[in-house]
Amino acid sequence: MSAYLESNYRKITTHVLNGMKHRGEKISMLTAYDYSMATLLDSAGIDVILVGDSASNVMAGHKTTLPITLDQMIYHASSVMRGVERALVVVDLPFGTYQGNSKEALHSSIRIMKESGANAIKMEGGEEILESINRILSAGIPVMGHLGLTPQSIHKFGTYVVRAKEDAEAEQLISDAIKLEKAGCFALVLEKIPAELAKKVQSMLKIPVIGIGAGMHVDGQVLVLHDMLGITQKFSPRFLRRYHNLSEEIKGSVQAYIKDVKTGDFPNEREQY
Ligand code: KIV
(Lines give C-alpha, C1' and ligand atoms only; values in the text may rest on other atoms or scores of the structure.)
Protein backbone atom coordinates (compact mmCIF):
# COMPACT_ATOMS: atom_id res chain seq x y z
CA MET A 1 0.00 0.00 0.00
CA SER A 2 1.25 3.51 -0.82
CA ALA A 3 2.66 5.51 2.09
CA TYR A 4 -0.11 8.08 1.88
CA LEU A 5 -2.73 5.37 2.36
CA GLU A 6 -0.96 3.62 5.23
CA SER A 7 -3.46 4.74 7.87
CA ASN A 8 -6.17 2.35 6.84
CA TYR A 9 -9.15 3.57 8.87
CA ARG A 10 -12.20 1.35 8.51
CA LYS A 11 -14.58 4.25 9.06
CA ILE A 12 -13.76 7.95 9.05
CA THR A 13 -15.28 9.80 12.00
CA THR A 14 -14.82 13.35 13.27
CA HIS A 15 -12.52 11.81 15.90
CA VAL A 16 -10.37 10.17 13.21
CA LEU A 17 -10.07 13.52 11.38
CA ASN A 18 -8.89 15.18 14.56
CA GLY A 19 -6.24 12.49 15.03
CA MET A 20 -5.14 12.96 11.41
CA LYS A 21 -4.55 16.67 12.04
CA HIS A 22 -2.45 15.93 15.11
CA ARG A 23 -0.37 13.31 13.30
CA GLY A 24 0.13 15.65 10.34
CA GLU A 25 -1.78 13.36 7.93
CA LYS A 26 -3.49 15.34 5.19
CA ILE A 27 -7.26 14.98 4.80
CA SER A 28 -8.77 14.42 1.33
CA MET A 29 -12.26 15.72 0.64
CA LEU A 30 -14.35 15.95 -2.55
CA THR A 31 -17.96 16.73 -3.31
CA ALA A 32 -20.49 14.15 -4.53
CA TYR A 33 -24.20 14.41 -5.09
CA ASP A 34 -25.30 10.96 -6.27
CA TYR A 35 -24.99 7.25 -5.51
CA SER A 36 -22.73 6.20 -8.41
CA MET A 37 -20.08 8.88 -7.86
CA ALA A 38 -20.20 8.43 -4.09
CA THR A 39 -19.52 4.70 -4.54
CA LEU A 40 -16.48 5.47 -6.72
CA LEU A 41 -15.07 8.11 -4.34
CA ASP A 42 -15.57 5.90 -1.31
CA SER A 43 -13.96 2.84 -2.89
CA ALA A 44 -11.03 5.04 -4.05
CA GLY A 45 -10.39 5.90 -0.40
CA ILE A 46 -11.55 9.50 -0.03
CA ASP A 47 -11.71 10.62 3.62
CA VAL A 48 -14.63 13.05 3.48
CA ILE A 49 -17.47 13.44 0.99
CA LEU A 50 -19.19 16.81 0.96
CA VAL A 51 -22.72 16.92 -0.39
CA GLY A 52 -22.15 20.55 -1.25
CA ASP A 53 -24.74 23.10 -2.19
CA SER A 54 -22.54 23.43 -5.29
CA ALA A 55 -25.08 20.82 -6.50
CA SER A 56 -27.11 23.92 -7.29
CA ASN A 57 -24.46 24.83 -9.91
CA VAL A 58 -23.11 21.55 -11.25
CA MET A 59 -26.20 19.35 -10.97
CA ALA A 60 -29.07 21.81 -11.45
CA GLY A 61 -27.37 24.43 -13.66
CA HIS A 62 -28.13 27.46 -11.49
CA LYS A 63 -25.71 30.42 -11.56
CA THR A 64 -25.44 30.52 -7.74
CA THR A 65 -25.89 28.15 -4.79
CA LEU A 66 -28.90 30.10 -3.53
CA PRO A 67 -31.81 28.32 -5.24
CA ILE A 68 -31.19 24.76 -3.98
CA THR A 69 -33.76 23.66 -1.38
CA LEU A 70 -33.52 21.58 1.77
CA ASP A 71 -35.58 18.79 0.15
CA GLN A 72 -33.20 18.74 -2.83
CA MET A 73 -30.15 18.59 -0.52
CA ILE A 74 -31.74 15.70 1.38
CA TYR A 75 -32.38 13.87 -1.91
CA HIS A 76 -28.71 14.27 -2.93
CA ALA A 77 -27.46 13.35 0.56
CA SER A 78 -29.54 10.19 0.85
CA SER A 79 -28.39 9.09 -2.64
CA VAL A 80 -24.76 9.60 -1.55
CA MET A 81 -25.29 7.75 1.74
CA ARG A 82 -26.46 4.63 -0.11
CA GLY A 83 -23.04 4.48 -1.83
CA VAL A 84 -20.74 5.12 1.13
CA GLU A 85 -19.24 2.72 3.64
CA ARG A 86 -16.05 4.41 4.84
CA ALA A 87 -15.98 8.16 4.19
CA LEU A 88 -17.43 10.76 6.55
CA VAL A 89 -20.37 12.41 4.78
CA VAL A 90 -20.97 16.12 5.43
CA VAL A 91 -24.00 17.96 4.02
CA ASP A 92 -24.33 21.70 3.37
CA LEU A 93 -27.24 23.49 5.02
CA PRO A 94 -28.67 25.37 2.02
CA PHE A 95 -29.27 29.12 1.86
CA GLY A 96 -32.35 30.26 3.76
CA THR A 97 -32.57 27.27 6.10
CA TYR A 98 -30.47 28.59 9.01
CA GLN A 99 -29.54 32.28 8.66
CA GLY A 100 -31.16 34.44 11.32
CA ASN A 101 -33.19 31.71 13.00
CA SER A 102 -31.45 29.15 15.23
CA LYS A 103 -34.63 27.08 15.73
CA GLU A 104 -35.04 26.73 11.98
CA ALA A 105 -31.32 25.90 11.74
CA LEU A 106 -31.77 23.04 14.20
CA HIS A 107 -34.93 21.85 12.43
CA SER A 108 -33.13 21.84 9.04
CA SER A 109 -30.13 19.98 10.47
CA ILE A 110 -32.33 17.35 12.14
CA ARG A 111 -34.16 16.79 8.84
CA ILE A 112 -30.84 16.25 7.04
CA MET A 113 -29.54 13.83 9.67
CA LYS A 114 -32.82 11.87 10.03
CA GLU A 115 -33.86 11.71 6.38
CA SER A 116 -30.46 11.15 4.74
CA GLY A 117 -28.45 9.38 7.46
CA ALA A 118 -25.50 11.76 6.91
CA ASN A 119 -22.77 12.18 9.54
CA ALA A 120 -22.47 15.98 9.86
CA ILE A 121 -23.60 19.30 8.46
CA LYS A 122 -21.66 22.32 7.16
CA MET A 123 -22.72 25.95 7.34
CA GLU A 124 -21.25 29.22 6.05
CA GLY A 125 -20.49 32.12 8.35
CA GLY A 126 -18.85 33.30 11.59
CA GLU A 127 -20.14 34.95 14.72
CA GLU A 128 -23.44 35.90 13.06
CA ILE A 129 -24.45 32.20 13.01
CA LEU A 130 -23.00 31.18 16.40
CA GLU A 131 -26.42 30.89 18.03
CA SER A 132 -27.48 28.42 15.33
CA ILE A 133 -24.23 26.48 15.63
CA ASN A 134 -24.65 26.19 19.42
CA ARG A 135 -28.22 24.97 19.07
CA ILE A 136 -27.30 22.37 16.42
CA LEU A 137 -24.33 21.15 18.46
CA SER A 138 -26.55 20.84 21.53
CA ALA A 139 -28.56 18.24 19.61
CA GLY A 140 -25.38 16.18 19.09
CA ILE A 141 -25.02 17.05 15.40
CA PRO A 142 -21.40 17.62 14.30
CA VAL A 143 -20.87 20.97 12.55
CA MET A 144 -18.19 21.92 10.01
CA GLY A 145 -17.66 25.69 9.64
CA HIS A 146 -16.95 27.56 6.39
CA LEU A 147 -15.21 30.96 6.24
CA GLY A 148 -13.52 33.12 3.60
CA LEU A 149 -15.41 33.11 0.33
CA THR A 150 -18.91 32.02 1.29
CA PRO A 151 -20.88 31.57 -1.95
CA GLN A 152 -24.28 31.85 -0.23
CA SER A 153 -23.40 35.54 0.39
CA ILE A 154 -22.46 36.25 -3.24
CA HIS A 155 -24.98 39.09 -3.52
CA LYS A 156 -23.35 40.80 -0.51
CA PHE A 157 -19.79 40.42 -1.88
CA GLY A 158 -20.80 41.00 -5.51
CA THR A 159 -17.86 38.89 -6.80
CA TYR A 160 -16.01 35.59 -6.30
CA VAL A 161 -12.55 37.21 -5.86
CA VAL A 162 -10.07 36.22 -3.12
CA ARG A 163 -11.35 37.18 0.35
CA ALA A 164 -9.60 38.60 3.43
CA LYS A 165 -6.68 40.27 1.65
CA GLU A 166 -7.15 43.39 3.77
CA ASP A 167 -6.13 43.40 7.45
CA ALA A 168 -9.59 44.13 8.85
CA GLU A 169 -11.23 41.21 7.02
CA ALA A 170 -8.31 38.90 7.88
CA GLU A 171 -8.63 39.79 11.58
CA GLN A 172 -12.38 39.19 11.47
CA LEU A 173 -11.78 35.79 9.85
CA ILE A 174 -9.27 34.80 12.55
CA SER A 175 -11.65 35.88 15.29
CA ASP A 176 -14.54 33.94 13.64
CA ALA A 177 -12.35 30.83 13.27
CA ILE A 178 -11.49 30.90 16.98
CA LYS A 179 -15.17 31.35 17.89
CA LEU A 180 -16.23 28.42 15.69
CA GLU A 181 -13.61 26.17 17.29
CA LYS A 182 -14.62 27.29 20.81
CA ALA A 183 -18.28 26.63 20.01
CA GLY A 184 -17.37 23.03 19.14
CA CYS A 185 -17.15 22.80 15.33
CA PHE A 186 -15.18 19.66 14.43
CA ALA A 187 -13.50 21.16 11.33
CA LEU A 188 -13.37 24.32 9.27
CA VAL A 189 -13.35 24.96 5.51
CA LEU A 190 -11.43 28.03 4.35
CA GLU A 191 -12.31 29.09 0.81
CA LYS A 192 -10.25 31.34 -1.47
CA ILE A 193 -8.12 33.30 1.00
CA PRO A 194 -4.37 34.10 0.99
CA ALA A 195 -2.20 31.06 1.82
CA GLU A 196 -0.37 32.92 4.61
CA LEU A 197 -3.64 33.71 6.39
CA ALA A 198 -4.80 30.08 6.06
CA LYS A 199 -1.44 28.98 7.50
CA LYS A 200 -1.96 31.23 10.50
CA VAL A 201 -5.46 29.87 11.13
CA GLN A 202 -4.26 26.27 10.69
CA SER A 203 -1.58 26.74 13.34
CA MET A 204 -3.94 28.51 15.77
CA LEU A 205 -6.70 25.89 15.67
CA LYS A 206 -6.69 22.37 17.10
CA ILE A 207 -9.49 21.27 14.74
CA PRO A 208 -8.69 20.32 11.11
CA VAL A 209 -8.67 23.16 8.58
CA ILE A 210 -9.61 22.11 5.03
CA GLY A 211 -8.77 24.49 2.20
CA ILE A 212 -10.15 25.25 -1.24
CA GLY A 213 -8.00 27.92 -2.82
CA ALA A 214 -6.36 28.46 0.59
CA GLY A 215 -2.90 27.13 -0.23
CA MET A 216 -0.75 24.27 0.98
CA HIS A 217 -0.38 24.96 4.72
CA VAL A 218 -3.73 23.52 5.80
CA ASP A 219 -4.74 20.09 7.09
CA GLY A 220 -6.58 18.97 3.98
CA GLN A 221 -8.01 19.96 0.62
CA VAL A 222 -11.46 19.95 -0.95
CA LEU A 223 -12.47 20.41 -4.59
CA VAL A 224 -15.77 20.21 -6.44
CA LEU A 225 -15.75 16.81 -8.17
CA HIS A 226 -17.10 18.06 -11.49
CA ASP A 227 -14.36 20.71 -11.65
CA MET A 228 -11.44 18.40 -10.85
CA LEU A 229 -12.69 15.76 -13.32
CA GLY A 230 -13.03 18.36 -16.08
CA ILE A 231 -16.79 17.85 -16.48
CA THR A 232 -17.32 21.59 -15.99
CA GLN A 233 -15.39 23.62 -18.55
CA LYS A 234 -15.96 27.32 -18.01
CA PHE A 235 -14.85 27.44 -14.35
CA SER A 236 -11.05 27.56 -14.13
CA PRO A 237 -9.73 29.50 -11.11
CA ARG A 238 -6.00 29.34 -10.31
CA PHE A 239 -6.56 26.93 -7.39
CA LEU A 240 -8.28 24.29 -9.52
CA ARG A 241 -6.15 21.32 -10.59
CA ARG A 242 -7.92 19.30 -13.29
CA TYR A 243 -7.14 15.58 -13.08
CA HIS A 244 -9.08 14.64 -16.18
CA ASN A 245 -10.80 16.07 -19.23
CA LEU A 246 -13.99 14.08 -18.80
CA SER A 247 -16.17 16.46 -20.80
CA GLU A 248 -14.16 15.64 -23.96
CA GLU A 249 -14.19 11.90 -23.18
CA ILE A 250 -17.95 11.88 -22.60
CA LYS A 251 -18.62 13.90 -25.76
CA GLY A 252 -16.34 11.56 -27.75
CA SER A 253 -18.17 8.47 -26.45
CA VAL A 254 -21.59 9.97 -27.16
CA GLN A 255 -20.51 10.91 -30.70
CA ALA A 256 -19.20 7.37 -31.29
CA TYR A 257 -22.53 5.96 -30.06
CA ILE A 258 -24.52 8.31 -32.30
CA LYS A 259 -22.42 7.22 -35.29
CA ASP A 260 -22.86 3.51 -34.47
CA VAL A 261 -26.64 3.90 -34.13
CA LYS A 262 -27.00 5.97 -37.31
CA THR A 263 -24.84 3.61 -39.40
CA GLY A 264 -26.58 0.51 -38.04
CA ASP A 265 -23.31 -0.76 -36.53
CA PHE A 266 -24.94 -0.98 -33.07
CA PRO A 267 -26.27 -3.41 -32.02
CA ASN A 268 -24.47 -6.23 -33.83
CA GLU A 269 -25.37 -9.95 -33.81
CA ARG A 270 -23.63 -10.59 -30.47
CA GLU A 271 -25.49 -7.70 -28.84
CA GLN A 272 -28.99 -9.02 -29.48
CA TYR A 273 -31.19 -11.92 -28.24
O1 KIV B 1 -20.69 23.50 -1.93
C2 KIV B 1 -19.50 23.18 -2.03
O3 KIV B 1 -19.10 22.44 -2.92
C4 KIV B 1 -18.56 23.74 -1.06
C5 KIV B 1 -17.11 23.55 -1.32
C6 KIV B 1 -16.67 24.46 -2.38
C7 KIV B 1 -16.29 23.68 -0.09
O8 KIV B 1 -18.96 24.34 -0.10
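Annotations
- Criterion (free of Cβ contacts under 8 Å to residues at least 60 places away in the same chain and closer than 19 Å to D92 by Cα) met by exactly one of L188, L225: L188
- S56 vs. criteria part of a helix (DSSP H, G or I) and either away from the ligand (no atom under 12 Å from the Cβ) or within 24 Å of I178 (Cα to Cα) (or both): no
- Filtered residue count, the stretch 1-38, keeping only those that are open to solvent by 50 Å² or more (accessible area, probe 1.4 Å), modelled with pLDDT of 95 or more and in a loop (DSSP other than H, G, I, E, B): 4
- Subset of the stretch 39-53 (residues that are in a helix (DSSP H, G or I) and more than 14 Å from the ligand (Cβ to nearest atom)): T39, L40, D42, S43, A44
- Selection over the stretch 157-176 of residues that are within 23 Å of T65 (Cα to Cα) and of a type in the set (G, A, S) gives a count of 2.
- Among (1) assigned to a helix (DSSP H, G or I); (2) in contact with a Pro (Cβ under 7 Å, 6 or more places away or on another chain); (3) more than 21 Å from L137 (Cα to Cα) - the single one T65 does not satisfy: (1)
- Number of the exception - P194 against (1) of a type outside the set (A, V, I, L, M); (2) closer than 27 Å to H217 by Cα; (3) within 16 Å of the ligand (Cβ to nearest atom): (3)
The values are calculated or read from the model by the stated rules, or taken from the named source; none is laboratory data. Since we're looking at a predicted model, the values are computed, not measured. Heads up, the Cβs are rebuilt from the backbone with ideal geometry, glycines too, and the neighbour counts pull from every protein chain shown. When the accessible area is computed, the model is the full protein with side chains, heavy atoms only, and any ligands, DNA or RNA have been set aside. Shrake-Rupley method; radii C 1.70, N 1.55, O 1.52, S 1.80 Å.
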